[in-house]
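Below: the structure, in structure tokens.
All of the numbers you see were taken from the coordinates with simple rules; none came from a lab. The model shown is predicted, which means the values in this text are computed figures rather than measured ones. Cβ coordinates were reconstructed from backbone atoms using ideal geometry, including for glycine residues, and neighbour counts include every protein chain displayed.
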Amino acid sequence: MRIVELSTRRDQLPVRRAEVASEIIALENEKQGLEDAVERARLDRRNREGELEVQQRQRDKYEAQLNQVKTNVAYSALLTEIQGAKRTIGELETEVLELMDTIEQDTNRLAEIEVELAQKREAAHDELQSIDSETAALDQQLATEERRRNLVAEKVDDQLYRVYDRLRRVQRFPALVPLHGSACGSCHGYFPPQVVREITHHGRIYTCEACGVLVYAAHEE
Ligand SMILES: [Zn+2]
């Protein structure tokens, strides 16, 4: 029973370890995603600004040409071109401002994440260390209990041990229960007087047919 209890506690430790690390992994993923987004936004911004310069030069060129055209048709055609360039310039400027906004927000969040990550890593460091030392302690206790168990098992009659081992494997604990009056201490089913006598007078360890546990005579009975 002690070994099962220790093993159960031991099995929970890797789960706890994964839980502790999961917050750090989530933050690292968010950080990576934001860094990629910022890089894309910067590249995008450079492209837009390049396009903006082209459009501005185009507009200046058209405006310079206004003084040189001879016909009304050519003049209004140039005005249309200038309006188009100005509209595109306006759109590009808005996009550049939006990208700058995004970059600023993402950069701020990245700074927050760095702080959170440092805190979580420090907090997790202590917790992970305590999980590690708990693991080592439990492993040691388990080894000790297993050794004790094996020493006792060697002394047990083979047939009795096989019955016990079946109960142990299905974790039917306690596998051994004291006789309770003339009944099984586990399921409280009554035994025939002859069986009770064998248990109490001859120290027999009896397998309860009803529930399968091993029944022995407690000293006070
Ligand atoms: Zn029983």
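Worth a mention:
- Whichever lysines have a C-alpha closer than 24 Å to that of LYS61, once near sequence neighbours (fewer than 8 apart) are set aside: LYS70, LYS86
- Label-to-label distance, LEU117 versus GLU63, with points set 7 angstrom from Cα along the beta-carbon direction: 4.6 nm.
- Computed from the C-beta positions of GLU51 and ASP101 and an R0 of 22 Å, the FRET efficiency is 0.75 to the nearest 0.05.
- P(r) tail for the range 2-155: Cα pairs beyond 27 Å make up 61% of the total.
- Dipole magnitude for the chain: computed about the Cα centre from +1 point charges on Lys and Arg Cβ and -1 point charges on Asp and Glu Cβ, it is near 980 debye.
- The trypsin sites (Lys or Arg not before Pro) of the range 1-80 meeting both criteria, a DSSP state outside H, G, I, E and B (loop) and at most 11 other C-beta atoms within 10 angstrom of the site's C-beta, are LYS70.
- Cross-link partners of LYS120 among aspartates and glutamates (Cα-Cα below 19 Å; sequence separation of 8 or more within a chain): GLU19, GLU23, GLU28, GLU30, GLU112, ASP132
- From helices alone, the chain scores -28500 deg cm²/dmol at 222 nm; the rule is -39500 (n - 2.57) for each run of n ≥ 4 DSSP H residues, then divide by the residue total.
- Mean sequence separation of contacting Cα pairs (under 8 Å, at least six apart), scaled by the length of the chain, corresponds to a relative contact order of 20 percent.
- Most positive-pole-ward Cα, GLN65, ALA18, PRO178, against dipole of the chain from beta carbon charges: PRO178
- Rounded to the nearest 20 debye, dipole of the range 158-216 from Cβ charges on Lys, Arg, Asp, Glu: 160
- Shape metrics for the range 109-221, restricted to C-alpha atoms - Rg then Dmax, Å: 24.5, 81
- Farthest towards the positive end of the charge dipole of the range 2-155, among the residues ILE131, LEU52, ALA74, is the Cα of ALA74, using unit charges on the Cβ of Lys, Arg, Asp and Glu.
- Estimated distance in nm for a label pair at TYR75 and ASN108, the labels positioned 7 Å out from Cα along Cα-to-Cβ: 5.1
- Estimated FRET transfer efficiency (SER130, LEU160; beta-carbon r; R0 30 Å; 0.05): 0.10
- Shape of the range 158-216, Cα gyration tensor, a/c cut at 1.5: oblate
- The ranking of SER7, SER22, SER186 from fewest to most other beta carbons within 10 Å of each one's beta carbon is SER22, SER7, SER186.
- Residue among ILE89, ILE113, ILE103 with the largest mean-square fluctuation in a Gaussian network model of the chain, springs linking Cα atoms under 10 Å: ILE89
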